[in-house]
1. Considering only region A:112-152, how many residues are away from chain B (no Cβ under 13 Å) and crowded, with 20+ Cβ neighbours inside 10 Å?
2. Filter region B:311-344 for residues that are in contact with a Phe, Trp or Tyr (Cβ under 8 Å, 6 or more places away or on another chain), of a type in the set (A, V, I, L, M) and under 15 Å from B:Ile236 (Cα atoms) and give the result.
3. Does region B:161-168 contain any residue that is surrounded by fewer than 24 Cβ atoms within 10 Å (Cβ to Cβ), touching a helix residue (DSSP H, G or I) at 6+ places or on another chain (Cβ under 6 Å) and within 21 Å of B:Glu389 (Cα to Cα)?
4. Taking region B:196-225 only, how many residues are in a helix (DSSP H, G or I) and over 23 Å from the mean Cα position of the chain (by Cα)?
5. So which helices (runs of 4 or more DSSP H) are wholly in region B:302-415 and hold at least 1 residues that are in the same structural domain as B:Val99 (by TED's automatic domain parsing) and under 28 Å from B:Asp90 (Cα atoms)?
6. What pairs come out if I take residues in region A:131-155 that are among the aromatic types (Phe, Trp, Tyr) and pair them with residues that are surrounded by 14 or more Cβ atoms within 10 Å (Cβ to Cβ) whose C-beta lies under 6 Å away, six or more apart or interchain?
7. Away from chain A (no Cβ under 14 Å), of a type in the set (Gly, Ala, Ser) and out of contact with any Phe, Trp or Tyr (no Cβ under 7 Å at 6 or more places or on another chain): does that describe B:Gly171?
8. Being within 14 Å of chain A (Cβ to nearest Cβ), in a helix (DSSP H, G or I) and within 29 Å of the chain's Cα centre (by Cα) narrows it down to one residue among B:Phe228, B:Phe282; which is it?
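The values are calculated or read from the model by the stated rules, or taken from the named source; none is laboratory data. Just so it is clear, the model here is predicted, and its values are computed rather than measured. Quick reminder, even Gly has a Cβ in these numbers, built from the backbone with ideal geometry, and neighbours come from all protein chains shown.
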Amino acid sequence: MKKNNFMNNFISYLFISPAFLLVVILLLIPMFQNVYYSFFNWDGISMPVFNGFKNYIAIFRDVDFRISFQNTLLWVAFTLIFPVMGGLLIAVFLRGLKFENFFKSIFYIPLTISFVATGIMWNYMYSREIGVINSILELFRIDKVSWLVNVPLNTFSLLISWTWQQIGVNMVLFLMGLSSIPAEQTEAAMIEGANRWQTFIHIIFPMLRPITTVVIVMALANSFKVFDLIYVMTRGGPYRSSETLAMTMFRETFTMSNMGYGAAISVVLSVIVIAISAGYIKSMLKKDLLYY
Amino acid sequence: MKLIFRKVFCLFAVLLFVLAFGFGCKKTTAAETTAAAETTAAETTAAESTTAETAATETTKAVVLTMMHDKGGNPNFQPYYELMGKTTKDLFGIDIEPVPYPTTDVFISTVRAALSTKEAPDLFTWWSTYRMKDLIDQGLLAETTELWDKHKDEYSQGLRDAFTFNGKSYGYSYTQEYWPVWYNKDVFSKLNLSEPTNWDEFIKVCDTLKANGITPMAQSVQARWPSFIMFEQMIIGQSPDLYDDLSAGKVKYTDEKVKKAFEVWKDLINKGYFTDPATDLFTDTPTLFGQDKLGMVLCGTWYYESVFVANNVPEEKIGAFILPSHNSEAGKCIVLEMSPILVSQNAPHLEDALKVVDYFMSAEGNAIFAKENRSYPSNMKSDTSFLPEIKVEIADTVKNENYRILNRYWEATPTPICEAAVDKFAEFIAKPDSLDKVLKDLDEIANKYWEGK
């Protein structure tokens, strides 16, 4: 019996070993290495010089980091309002519609396009001289707009492109959540005299909490680490005005070759994302326990 | 029974995965993989085969040099590099495999990370002067002094200086480019404009173009680096010595003369002589030029072939002149961009890499890339019959009128200053009224670097 247990355990460990190895080699070791290098002054080719907490102190004195942090918060807030709430609204209104599948596909298609392709496409659309958006504005005799150069308009232009791509995935997740709500409960509420709004607020929305938690945590993490779209469309510019923390980390590490400073920014970014996500999940779990 | 069979099967599958992962972690080049496969085959099938036979097999195998570069998009030099490899393969049995990187910063960081390892590229494109310096300081570049000595009669001393530190030379220049103003001949002819020979004439050209609804000059902050184009031209136009001193940290950015040059630039911006800074230099600009909505573009001579011609702008539409200095005392000056290919000190095939560099430095070898891109070979004795007339005229003007040649800002000033400064120039372009703040910030950036030296 004991031998059997040992064999079962051994086989189980063997099965998880590939995944475990991948996580250790590709995630944990680089992560610890990153924390280690954040205490050094290093240009990537010479010998690293230990400088204690200087990189962390420099972060809080850096004006560009402050702008980058503000932009990141704007991205998070915008993502929670538009892609998340927009996704929920679309899911609610689409459900039961005559051409539901067709509309679902329309909203989902942008997600199948890579961030780079999305960035290039929107870049052309925003082009001041040859972009379709300015051409439409011209029809109405409105002056051309520099969508990606005017500050802070450039950040909002990026956010619109981001929303265009992200809204589909949230819609799909909320649709999954909606389909798991038993029809009896909403029907009972309707029979009791609740209108559609009251049914949504008091029955549907609370029952969507598990999926809402997933959507919000994903949205938080994605908006904190957003990089590719900004890199393709503005490179964080002009004059670093549209940088977010991930972009600043990339710039310091790979453009400026300040490996230690870049590593310190990534540590700060990770701590923020983990703290906010963990705090949110914890509060949701508490509410769920109270609810049930 | 069935269960045991399933367990054994799964066990094998997992082991196979772990083994495959282990092998996958060891990154090998195609040549090494082939060599390893050949070695294994030799070990298992021919115990009797001698060491001498194996060595003979290896000598007949073509050597493949890896060459990393960032010019696989805009501009796209990949086919030209491939041709260089084909030539050396035919001549010496040494092939070159160009590996393009999509963006310059990704390319730079990859090369820097690879140079100190066994995976260092044999060859890689780079930038001259200050861009090479930290690699040299860390001993990551192979010296090519002997090759420069061998070809000393074929290269100008000024060019060699940009590749020489502490008496030692590194890499070589596979092409060089001047930075003139490209103008739209159709538009100029329609508005009876001629090539300006002094600053006042240039301003008149701009005024006429603007009055006729055509944007006079292209200016861009997209992709960051183009923001230094007008900056360097304005400083050089003020004084070429000032430009050299500013690049070398001998003059402050808040210096009155520097400010004066910025004021001239500010005036041009405020008069509406430039395209919107969001205009992309590689996509929007050739389109506007081709549609006769843009009069002039200040850019390197590579722009002619790899941007204008590549974007179907008719060659007969393109004219060129050298921008006159706004300060007449500055004299006649033009910016020169050198294009180095460097050799890694840790190159897996160092000897072969130096052999091909020797060939590419020769009059014949140096013309291969230049001919394809219709650009200037760096070797003074190389054939230039393939150059379009417009480029011949630019080179003749530079030579006959004794233009002072200055290194491009990208290479002429230390990289940490340049990388931060381009964002400050962009800030100035977008907000010309922020001039004082920009100059103060530039000073801080420069001071931080020079004080650390």
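1. Summing the residues that are away from chain B (no Cβ under 13 Å) and crowded, with 20+ Cβ neighbours inside 10 Å in region A:112-152 gives 1.
2. If the condition is that a residue be in contact with a Phe, Trp or Tyr (Cβ under 8 Å, 6 or more places away or on another chain), of a type in the set (A, V, I, L, M) and under 15 Å from B:Ile236 (Cα atoms), then B:Ile322, B:Leu323, B:Ile334, B:Val335, B:Leu336 are the ones that fit.
3. no
4. 13
5. B:350-361, B:363-373
6. Pairs found: A:Trp147/A:Tyr126; A:Trp147/A:Ser157.
7. No: the conditions fail for B:Gly171.
8. B:Phe228
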